[in-house]
Amino acid sequence: GAVVSQHPSWVICKSGTSVKIECRSLDFQATTMFWYRQFPKQSLMLMATSNEGSKATYEQGVEKDKFLINHASLTLSTLTVTSAHPEDSSFYICSAKSGRKSETQYFGPGTRLLVL
Amino acid sequence: GESVGLHLPTLSVQEGDNSIINCAYSNSASDYFIWYKQESGKGPQFIIDIRSNMDKRQGQRVTVLLNKTVKHLSLQIAATQPGDSAVYFCAEIKDSSYKLIFGSGTRLLVRP
């Protein structure tokens, strides 16, 4: 089956620093990738939709200048949390889908971010 | 917006019993629904899906029921096993953006 990886799996950083999270589709080309954030005991909240070669589309309330998304190739999307603060600590999950009309999203294992 | 809850409802079942997890979805125009299983510290895992032109779909030990009249989705797990313990989310796709809108989730605990 289709595999999506994320790196790193967990990261601890100091407040004010930036953190980059990678999402890769390992055995298929992902025309679209999605980034989610999940706080403890809560559901997944969609942050943004990333299409290869174009600007990401952000959900309402998500700061695009804080959460920079780059989808430079059909197998890689990156999420950079800029000037991270403790309230950005969360579980970040990406998903990828292979075709423009495909509904199936394959999820990565998630990245846990802790900002001190 | 998406539903967010501070506390996950919990369903506790005896090993071997059947489990039924319920979900209310938000958009009557949604035409595709998925159930995901999420274990602690991991990403969601696809379980089963159903389209709006169906009211029931069966998989291995799992059945999804869709009631469009009341916008209700359920997941039935037969002969629940300890490995089924996880948080279960329903999700809907409501338009051609293919964005997934997740429900608030239910924690399933299987007692040995």
> Can you find even one residue in segment B:1-20 that is surrounded by 15 or more Cβ atoms within 10 Å (Cβ to Cβ), small (Gly, Ala, Ser) and outside any strand (DSSP E or B)?
Replying inline: yes
> Filtering segment B:34-64 down to residues that are within 10 Å of chain A (Cβ to nearest Cβ) and in a strand (DSSP E or B), which residue is nearest to residue B:84 (Cα to Cα)?
Replying inline: B:38
>> When you scan segment B:92-100, do you find a residue that is buried (at least 18 other Cβ atoms within 10 Å of the Cβ) and farther than 24 Å from residue A:96 by Cα, even just one?
In response: no
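Within segment A:9-21, does at least one residue satisfy the condition of being free of Cβ contacts under 8 Å to residues at least 24 places away in the same chain, loosely packed, with under 15 Cβ neighbours inside 10 Å and facing chain B (nearest Cβ under 10 Å)? Steps first, please.
Pass one, segment A:9-21, residues free of Cβ contacts under 8 Å to residues at least 24 places away in the same chain: none.
Scanning segment A:9-21 turns up no residue that is free of Cβ contacts under 8 Å to residues at least 24 places away in the same chain, loosely packed, with under 15 Cβ neighbours inside 10 Å and facing chain B (nearest Cβ under 10 Å).
In contact with a Ser or Thr (Cβ under 9 Å, 6 or more places away or on another chain) and on the phi > 0 side of the Ramachandran plot: does that describe residue B:94?
Working: in contact with a Ser or Thr (Cβ under 9 Å, 6 or more places away or on another chain): yes; on the phi > 0 side of the Ramachandran plot: no.
No.
Within segment A:10-17, is even one residue closer than 22 Å to residue B:97 by Cα, at pLDDT 95 or above and assigned to a strand (DSSP E or B)?
Initially, segment A:10-17 is screened for residues closer than 22 Å to residue B:97 by Cα, giving none.
Scanning segment A:10-17 turns up no residue that is closer than 22 Å to residue B:97 by Cα, at pLDDT 95 or above and assigned to a strand (DSSP E or B).
A quick yes/no check of all residues on (1) within 27 Å of residue A:1 (Cα to Cα); (2) crowded, with 17+ Cβ neighbours inside 10 Å:
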position: A:48; (1), (2): yes, yes
position: A:56; (1), (2): yes, yes
position: A:69; (1), (2): yes, yes
position: A:84; (1), (2): no, yes
position: A:90; (1), (2): no, yes
position: A:99; (1), (2): yes, no
position: A:106; (1), (2): yes, yes
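The values are calculated or read from the model by the stated rules, or taken from the named source; none is laboratory data. Please read all numbers here as calculations on a predicted model, not as lab measurements. All Cβ positions, even for glycine, are placed from backbone atoms using ideal geometry, and neighbour counts span all protein chains on display.
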